[in-house]
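K.L.:
For reference, the structure I am asking about is given below.
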């Protein structure tokens, strides 16, 4: 399911357009010690829900949480 906007990390090195891309980023690119933090586990959980529901409201919540997690890491 595509996002209503393209999500970019602050460095601009990553552009995310779908729930699947966001989940893959969290699973493969976020260091393990960070991935266990609540901001990342919550973001991943929200993307799982959004991928299944395909509701705009769920996608928006997941994107916001991801942006918060990325911002907290300074990415």
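What follows is calculated from the coordinates using simple rules that are stated; it is not laboratory data. Being a predicted model, the structure only gives us computed values, none of them experimental. With ideal geometry, Cβ positions are generated from the backbone for all residues, glycine too; neighbour counts draw on all protein chains shown.
K.L.:
Pick the calculated semi-axes √(5λ) of the Cα gyration tensor in Å for this structure from [x] 21, 13, 10; [y] 39, 16, 11; [z] 18, 14, 10?
P.N.:
Looking at semi-axes √(5λ) of the Cα gyration tensor in Å for this model, the match is [z].
K.L.:
Follow-up. Between the helical axis of 38-53 and the dominant principal axis of the chain, each derived from Cα atoms, what acute angle in degrees is found, rounded to the nearest 10?
P.N.:
Result, in degrees: 20.
K.L.:
Quick check: the angle from helix 56-73's long axis to the longest principal axis of the chain, C-alpha only, nearest 10 degrees?
P.N.:
For 56-73 against the chain, the angle is about 10 degrees.
K.L.:
When the chain is treated as a GNM, springs tying every alpha-carbon pair under 10 Å, which of 61, 43, 22 comes out with the largest mean-square fluctuation?
P.N.:
Fluctuation is largest for 61.
K.L.:
Stretched out fully, how many nm does the piece from residue 68 to residue 32 gain, at 0.36 nm a residue minus the Cα gap? Mind showing how you got there, number by number?
P.N.:
Details: separation 36, 0.36 × 36 = 12.96 nm, distance 1.79 nm.
Stretched fully, the residue 68-residue 32 segment lengthens by 11.2 nm.
K.L.:
Please state the relative contact order of the chain as a whole percent: Cα pairs under 8 Å, 6+ residues apart? Before the final figure, lay out each step's value.
P.N.:
Numbers: 81 pairs, mean separation 24.9, N = 75.
Computed value for the chain: 33 percent relative contact order.
K.L.:
Would you list 47, 42, 3 from fewest to most Cβ contacts within 10 Å? If you can, show how the numbers build up before the last one.
P.N.:
Numbers: 47 28, 42 16, 3 19.
The order, fewest Cβ neighbours first, is 42, 3, 47.
K.L.:
Here's another thing I want to ask about it. Per DSSP H run of at least 4 residues, take -39500 (n - 2.57); add these up for the chain, divide by its residues and hand me the 222 nm value, nearest 500 deg cm²/dmol.
P.N.:
Details: 4 runs with 48 residues, N = 75.
So the helix-based figure for the chain works out to -20000 deg cm²/dmol.
K.L.:
Helix 19-28: angle to the longest alpha-carbon principal axis of the chain, degrees 0 to 90, nearest 10?
P.N.:
Tilt of helix 19-28: around 20 degrees.
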